[in-house]
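The values are calculated or read from the model by the stated rules, or taken from the named source; none is laboratory data. On a predicted model such as this, the values are computed, not experimentally measured, just so you know. Here Cβ is always computed from backbone atoms with ideal geometry, including for glycine, and neighbour counts include all displayed protein chains. The protein model used for the area step is the full one, side chains on, heavy atoms only, and it has no ligands, DNA or RNA in it. Shrake-Rupley method; radii C 1.70, N 1.55, O 1.52, S 1.80 Å.
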Amino acid sequence: MFTFDQLAGFIAVAEELHFGRAAERLNMTQPPLSRQIQKLEKIIGAELLERDNRKVRLTSAGQTFLDEARRLMALAERAPVTARRIASGRAGVLRVGFTAASGFSILGPLLEELAGIIPDVDIDLQELVTGDQLNGLLTGELDLGLARPPFDKETFDSHLLYRESLVLAAPAGHPLTVLNRDILPEDFKDEPLIMHSPTQARYFYDLVVRMLPIRHTNVVHTVSQILTMVSLVSANRGLAFVPHSATLLGIKGVEFLPLAVGDAEQVELHAIWNRRITNPALARLLRDLEFAME
């Protein structure tokens, strides 16, 4: 692996295009500088400079490597300051997982909250189903998740962000759309259904089958994403049970109808994090952020 001294030597020669001036700039003699460049080229496995008795030129590989070398040197110079800021929770990266459904409902307002509390922290967003988010929180690949229950409360702490009802998505003009009342199970008993995947969308699948008498012989499509379900409804492929926030998608050709389900369970979204917090930015966020979205 190359050293920062070798990078500094290469950058000086690349900018001066002269070994003598580069050596003078680095307060060293020319022979050791030449050896540094030769070692660097051997490590990289490519010629970075073209040399003759009159001039020095960058090769194509050298020009590309120069950009990366400058970037690496800049990172090295910033590293001590960045480390101090990260330790205080005022810099760094907060890796946030979110479900697709939360992406078109709560994600935008939440990001505004985060920007106000930790403005210098970069937010790395990853769209993942709840199971993958929980795995990411366990391995440290994620710091915060916007996910669905259930989850291990001994391992994860959480805050309920909001609850919403399930609604029935139907193609525009479907006979159910003119009933002007809540939809009963017998209204869709013979209708083709688009259902949530029992593996990739387990939370929604379990919620729907607990709430409603689903005839699985009527299921024509099984998908994992709400957006896909609503798009299939728009294509007149069937009816789907989706969270109320799906009305924000704005997909043409779909109407959303209330369901007559009494005191049924509501769809929940939680902010979830590993109780063993290691990211100072998350610790700072949890101290300052008030989850007021319900």
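Below, the figures for the structure above:
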{"item": "Subset of segment 1-34 (residues that are surrounded by fewer than 19 Cβ atoms within 10 Å (Cβ to Cβ) and either under 16 Å from ASP52 (Cα atoms) or among the basic types (Lys, Arg) (or both))", "result": "GLU16, LEU17, HIS18, GLY20, ARG21, ARG25, GLN30, PRO31, SER34"}
{"item": "Meets criteria (open to solvent by 40 Å² or more (accessible area, probe 1.4 Å), under 22 Å from ILE272 (Cβ atoms) and in a loop (DSSP other than H, G, I, E, B)) for GLU191", "result": "no"}
{"item": "Of all residues making up segment 175-188, the number that are open to solvent by less than 40 Å² (accessible area, probe 1.4 Å) and in contact (Cβ under 8 Å) with a residue 24 or more places away in the chain", "result": "5"}
{"item": "Residue that is least open to solvent (accessible area, probe 1.4 Å) [pool: residues in segment 44-97 that are over 18 Å from ALA22 (Cα atoms), at pLDDT 90 or above and part of a loop (DSSP other than H, G, I, E, B)]", "result": "ALA46"}
{"item": "Residue within segment 205-221 that is open to solvent by 40 Å² or more (accessible area, probe 1.4 Å), under 22 Å from GLN266 (Cα atoms), out of contact with any Phe, Trp or Tyr (no Cβ under 8 Å at 6 or more places or on another chain) and modelled with pLDDT under 90 present", "result": "no"}
{"item": "Any pair with Cβ under 7 angstrom, 6 or more apart, that starts in segment 136-156 at a residue that is among the β-branched types (Val, Ile, Thr) and ends at one that is in a strand (DSSP E or B)", "result": "THR155/ASN274"}
{"item": "Subset tally (residues that are closer than 17 Å to ALA100 by Cβ, small (Gly, Ala, Ser) and either crowded, with 21+ Cβ neighbours inside 10 Å or assigned by the TED database to the domain that holds GLY108 (or both)) for segment 222-253", "result": "2"}
{"item": "Residue in segment 151-174 that is among the β-branched types (Val, Ile, Thr) and open to solvent by 60 Å² or more (accessible area, probe 1.4 Å) present", "result": "no"}
{"item": "Some residue of segment 18-25 being farther than 30 Å from LEU248 by Cβ, touching a residue at least 24 places away in the same chain (Cβ under 8 Å) and within 27 Å of the chain's Cα centre (by Cα)", "result": "no"}
{"item": "Selected residue (criterion: nearest to LEU269 (Cα to Cα)) from residues of segment 113-140 that are at pLDDT below 90 and either in contact with a Gly (Cβ under 6 Å, 6 or more places away or on another chain) or in a loop (DSSP other than H, G, I, E, B) (or both)", "result": "VAL129"}
{"item": "Test: residue in segment 204-227 that is aromatic (Phe, Trp, Tyr), assigned to a helix (DSSP H, G or I), in contact (Cβ under 8 Å) with a residue 40 or more places away in the chain and at negative phi", "result": "yes"}
